[in-house]
Amino acid sequence: MSRYYITTPIYYVNDVPHIGHAYTTVAADVLSRYYRADGADVLFLTGTDEHGAKVAAAAEARGESPQVFVDLIVDRFISAWKDLSISNDTFIRTSSDRHKAGAQAFLMRLYDSGYIYKGVYDGLYCVGCERFLTEPELTSSGLCPDHQRAPVPYSEENWFFRLSAFGDQILRAISNPKAEHHFSIEPSARKNEILGKLRLGLQDISISRKTVEWGIPLPWDRTQTCYVWVEALMNYVTAIGYHDDRETFLKYWPADLHLMAKEILWFHTVIWPAMLMAIGLPTPKKVYAHGFFTLNGRKMSKSLGNVVSPTELVERFGVDASRYLLLSEFPFGIDGNISLDSFASRYHADLANDLGNLLNRTVNMVNRYLDGACPAAPAERSPEDRILADVAGDLSQTVRLALDRLEFTGATDAIRATVSRTNRYVDVTQPWVVARTDRARVSAILYHLIETLRLIGIELLPFMPNRAASLLTQIGVPAAAAGTRTWGGFADWSRVVQRPEPLFPRLDT
Ligand code: MSP
């Protein structure tokens, strides 16, 4: 059985979850559900990044100790993922004993590798980014472009990681598929950005802090804590037993896919691989950076007061539609914009009208004309039947190719096109007219409709696990038959459709 280890970033718990976090997590969930249904042994990891100056400051602002504060916020993440039917197999918290012990074991290996030394760091630190910024990165008025705050001058004696020793090896690993430690970066535009930056050369990085107490102490110098980014990256191995469950670790590492948005790609494609190379571990197979979205054309931010939580989205559109709407609004690899108005119109157009009506009228007709019993495959097929069967028969392959490339809109567009095509088939074949005179023909038409809906339902399962399951149940398809993705693959279905139930009720406006 093929293995598939997929991760999301671990999210900062300085604030509650929002739909930006949900975007990546839902994408990872769709892939996990898809590959699981395909028979792969999937391990889907998400979690929370709980240490560092930013989280400590948020706790202080609330008058809580960091641990009490993170315990509170983490529940919001866990329940947001539950609300969105996220099927993660495990969840890592960086304040957990497991992560702390694993990170210390990793750090000790790094220290023993000889790539760690003591030095002085002088620079400008942005707590919002949790990283040093260079002068050219700042705005003309000297602010961090992402946080619109001046970074703080910082000078300290810290421990350093000799990142500069790995530049050539990382360049080769990214650009040459035959190189040792090869990994891919997608989309290719992002890969080229990283390669361009790498060619400018690498500087060593400071990996510890004297002044940040809320962190993991370095095992060889307990007066310093590990720099939050270095510690956070290690979650991908500590969560699967790097130090305490060798068997699981060796089974799943290296990860098949690290998923994230573009702003943290450098950490994942340069610093993380170098850390792994330094201690002789394989690098992840693929790192994918999707785009960033704005809400009504503006960055979501607390100061603008326009942050939407996953729970608000689910209250408005339901779990499954929220998942679908997030991933089908704009292509995954590029930046985009979303708005709740456009979500509402696509909810009505794609889901309530096109898909909902197709299911509703099909189930109604099987009940009305055939007493609820799904017809068997007809001996003869009309040209329209054949065209529909071909279109529906191609769907599973199109979705597979799209999801293998993380083209979620490619998959949802193909499903949507099949739904529209099927609605047109109903309009052209007019089963309500045929039913008056020709039972065999109406039976054949309804067979084609049910079979097409079955194929559509199967492809929708990873996106809309609850509603797609309801669709399949309504047309009488047992769970076992749901796995058969080819045309004509449901010989053993129950043959009884249910009373129709609206999949996507119209929204209150
Ligand atoms: N804690 C670090 C990650 C460490 S991973 C070892 C971090 N956390 S974060 O809470 O800021 O989450 C950033 C991630 O949230 C992005 O990479 C992306 O996955 C997701 N997104 C947050 N806002 C988003 C948008 N507006 N649009 C798309 N993705 C968004 O960075």
Within the range 397-408, residues being open to solvent by 20 Å² or more (accessible area, probe 1.4 Å) and part of a helix (DSSP H, G or I) number 5
Evaluate the following for S87: is it modelled with pLDDT of 95 or more and in a loop (DSSP other than H, G, I, E, B)? yes
Per the list (1) under 25 Å from T90 (Cβ atoms); (2) part of a loop (DSSP other than H, G, I, E, B); (3) more than 16 Å from the ligand (Cβ to nearest atom), residue check on G201 breaks on (1)
Residue pairs qualifying under the 7 Å Cβ cut-off, at least six apart or on distinct chains, with the first in the range 224-242 being in a helix (DSSP H, G or I) and the second being hydroxyl-bearing (S, T, Y) and near the ligand (Cβ under 10 Å from one of its atoms), are E231/T94; A232/T94; N235/T94; Y236/T7
Test result for V270, in a strand (DSSP E or B) and within 15 Å of the ligand (Cβ to nearest atom): no
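Yes/no matrix, rows are residues, columns are (1) out of contact with any Gly (no Cβ under 9 Å at 6 or more places or on another chain); (2) open to solvent by 10 Å² or more (accessible area, probe 1.4 Å); (3) within 14 Å of the ligand (Cβ to nearest atom); (4) among the hydroxyl-bearing types (S, T, Y):
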residue	(1), (2), (3), (4)
T8	no, no, yes, yes
V13	yes, no, yes, no
H18	yes, yes, yes, no
H21	yes, yes, yes, no
V26	yes, no, yes, no
S32	yes, no, no, yes
R36	yes, yes, no, no
K54	no, yes, yes, no
R62	yes, yes, no, no
Within the range 217-239, of all residues that are open to solvent by 10 Å² or more (accessible area, probe 1.4 Å) and polar (S, T, N, Q), the one farthest from R109 (Cα to Cα) is T223
When restricted to K262, K285, the only residue more than 8 Å from the ligand (Cβ to nearest atom), more than 13 Å from the chain's Cα centre (by Cα) and either open to solvent by 10 Å² or more (accessible area, probe 1.4 Å) or not small (G, A, S) (or both) is K285
W214 passes all but one of the listed conditions (1) in contact with a Leu (Cβ under 6 Å, 6 or more places away or on another chain); (2) within 15 Å of the ligand (Cβ to nearest atom); (3) open to solvent by 20 Å² or more (accessible area, probe 1.4 Å); the exception is number (1)
Checked pairs for the range 419-436, first farther than 16 Å from R386 by Cα and assigned to a loop (DSSP other than H, G, I, E, B), second open to solvent by less than 30 Å² (accessible area, probe 1.4 Å) and aliphatic (A, V, I, L, M), C-beta under 8 Å and 6 or more apart or across chains, list as A435/M365; A435/V442
Taking the range 194-222 and keeping only residues that are in contact (Cβ under 8 Å) with a residue 60 or more places away in the chain and under 22 Å from A289 (Cα atoms), one is left with I194, K197, L198, L202
When the range 217-251 is checked residue by residue, the ones that are out of contact with any strand residue (DSSP E or B) (no Cβ under 9 Å at 6 or more places or on another chain) and either away from the ligand (no atom under 16 Å from the Cβ) or basic (K, R) (or both) are P219, R222, G241, H243, D244, D245, R246, E247, F249, L250
| request: Would you confirm whether any residue within the range 61-80 is assigned to a helix (DSSP H, G or I), charged (D, E, K, R) and over 16 Å from Y11 (Cα atoms)? | output: no
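The values are calculated or read from the model by the stated rules, or taken from the named source; none is laboratory data. Everything numeric in this text was worked out from a predicted model, so none of it was measured. For neighbour counting, all protein chains shown are included, and Cβ atoms are generated from backbone atoms with ideal geometry for every residue, glycine included. Heavy atoms of the whole protein, side chains included, go into the accessibility calculation; ligands, DNA and RNA do not. Shrake-Rupley method; radii C 1.70, N 1.55, O 1.52, S 1.80 Å.
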